1. Only one residue in 242, 171 is within 21 Å of residue 102 (Cα to Cα), part of a helix (DSSP H, G or I) and open to solvent by less than 50 Å² (accessible area, probe 1.4 Å), so which one is that?
2. Of (1) open to solvent by 10 Å² or more (accessible area, probe 1.4 Å); (2) without any contact (Cβ under 8 Å) to a residue 40 or more places away in the chain; (3) assigned to a strand (DSSP E or B), residue 36 satisfies all except one. Which?
3. Name the single residue that is most open to solvent (accessible area, probe 1.4 Å) among those in the stretch 15-33 being part of a loop (DSSP other than H, G, I, E, B) and within 16 Å of ligand 1 (Cβ to nearest atom).
4. Within the stretch 80-95, is there a residue that is among the hydroxyl-bearing types (Ser, Thr, Tyr), more than 16 Å from ligand 2 (Cβ to nearest atom) and open to solvent by less than 50 Å² (accessible area, probe 1.4 Å)?
5. Filter the stretch 145-168 for residues that are open to solvent by less than 10 Å² (accessible area, probe 1.4 Å) and among the hydroxyl-bearing types (Ser, Thr, Tyr) and give the result.
6. So which pairs qualify, if the first residue must be in the stretch 192-220 and over 27 Å from residue 139 (Cα atoms) and outside any strand (DSSP E or B), the second must be hydroxyl-bearing (Ser, Thr, Tyr) and near ligand 1 (Cβ under 7 Å from one of its atoms), the Cβ gap must be under 9 Å, and the two must be at least 6 apart or on different chains?
7. Mind checking which pairs have a first residue in the stretch 144-167 that is under 19 Å from residue 179 (Cβ atoms) and a second that is within 14 Å of ligand 2 (Cβ to nearest atom) and of a type in the set (Phe, Trp, Tyr), Cβ under 9 Å, 6 or more apart or different chains?
Amino acid sequence: MFQKNLLKDKVILITGGGTGLGRSMALGFAELGADIAICGRRKDVLEEAAKEIEKVGAHSRAPVQVFYDTCDVRKPDEVEKMVDGVFKKFGRLSGLVNNAAGNFICPTEYLSPNGFDAIVKIVLYGAFNCTQAVGKRWIGAYTAGGPAAGGRVLSICTTYAWTGSAFVVPSACAKAGVLAMTQSLAVEWAKYKIRLNAVAPGPFKTEQAWNNLMPEGFEEKMLKRNPLGRTGKHEELANLASYLMSDQAEYINGECVTIDGGEWIQGAGEFNGLLDLTPEDWMKLKMKAEGMKKK
Ligand code: HXC
Ligand code: NAP
């Protein structure tokens, strides 16, 4: 759906790019010609993903370059070192995807302080640490009048960033914070040619999400609440992210694009539960209404 090499000349850093949706976005960007940097805590996972990204990127132009480094996004010093490594390798960075996350389901009364801390530190502090680390460098380049000035940040949120959700309170609080950061900096940093957006995916099958968040029987229930009755395809998210990271989306700033098949809005509409009614039920209702009119 995109012009070939849409992301040629772009260098994009994806946190948590070794697995799941981060990996799929990295593959999508590489296919469109971007050079890629990924980070996470496990070296073997990153190494394996880097090889796959290089292979895919080889089809787009000769050959895309991939950088990886282990880094715990909760730790500002590790983030600084990792971002330094990216700039050293490529000399510049065009975009950051804040994708790294942790999550689990737990009745909130049983959460330990450390459990809350772990998730909020990865999701919110991690996104802040990475955004600030790259933002400082972009602002420095802009004020110095450098040719590669400017940048774009895409944060992976969730639809419950604004609705909240039972049993994932740490994640909901953190994602809401990431959205607030996105909207705040979209205004504060626009003058440096930095734009920030977010996406709010509904359910997309990944190993970790399904292992950690789906008790038996929950997937079927979840799909029943989805107007399209299915999970998202990874390439659907990668396509949206590619557009938002491209030069074609320069006027989109501070936005959060939902990609959930209409799931959250189905849960929100007062009368959406009537989707269960059959045509016969509707006919009976119509006749009843007509009968009442005659009276
Ligand atoms: C209660 C839990 C817990 C659980 C961990 N903890 N898992 N508490 N229920 N299931 C507590 C631990 O007891 C500990 O507190 C604290 O959290 C930190 O745990 P550690 O294992 O030491 O921490 P760490 O290694 O830093 O990471 C833990 C983790 C990680 C973040 C949960 O295992 C992880 O990343 N898991 C999966 C990632 C994931 O879910 N990805 C999919 C994201 S999908 P104490 O007090 O004991 O020390 C998503 C959107 C969902 O986010 C939308 C779907 C539609
Ligand atoms: P995932 O495979 O678990 O991805 C999370 C990645 O983050 C992993 O590669 C993990 O690597 C990395 N990570 C975790 N803690 C880190 C830390 N402290 N420092 C650096 N990296 C860290 O899960 P996913 O399903 O693909 O989720 C990706 C993103 O999409 C997340 O932001 C998630 O909230 C969001 N999302 C997912 C869904 C869904 O249905 N899957 C829905 C809505 C939103 P290491 O463990 O090696 O560090």
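1. 171
2. (1)
3. Ranking the candidates gives 19 first.
4. Yes, because at least one residue in the stretch 80-95 is among the hydroxyl-bearing types (Ser, Thr, Tyr), more than 16 Å from ligand 2 (Cβ to nearest atom) and open to solvent by less than 50 Å² (accessible area, probe 1.4 Å).
5. Across the stretch 145-168, the qualifying residue is only 155.
6. Correct list of pairs: 202/158.
7. That search, which allows pairs on different chains as well, returns 159/264; 160/264; 162/264; 163/264.
The values are calculated or read from the model by the stated rules, or taken from the named source; none is laboratory data. Predicted model only: the values in this text are computed from it and were never measured. We place every Cβ from the backbone using ideal geometry, glycine too, and count neighbours over all the protein chains shown. Ligands, DNA and RNA are excluded from the accessible area calculation, which covers all protein heavy atoms including side chains. Shrake-Rupley method; radii C 1.70, N 1.55, O 1.52, S 1.80 Å.
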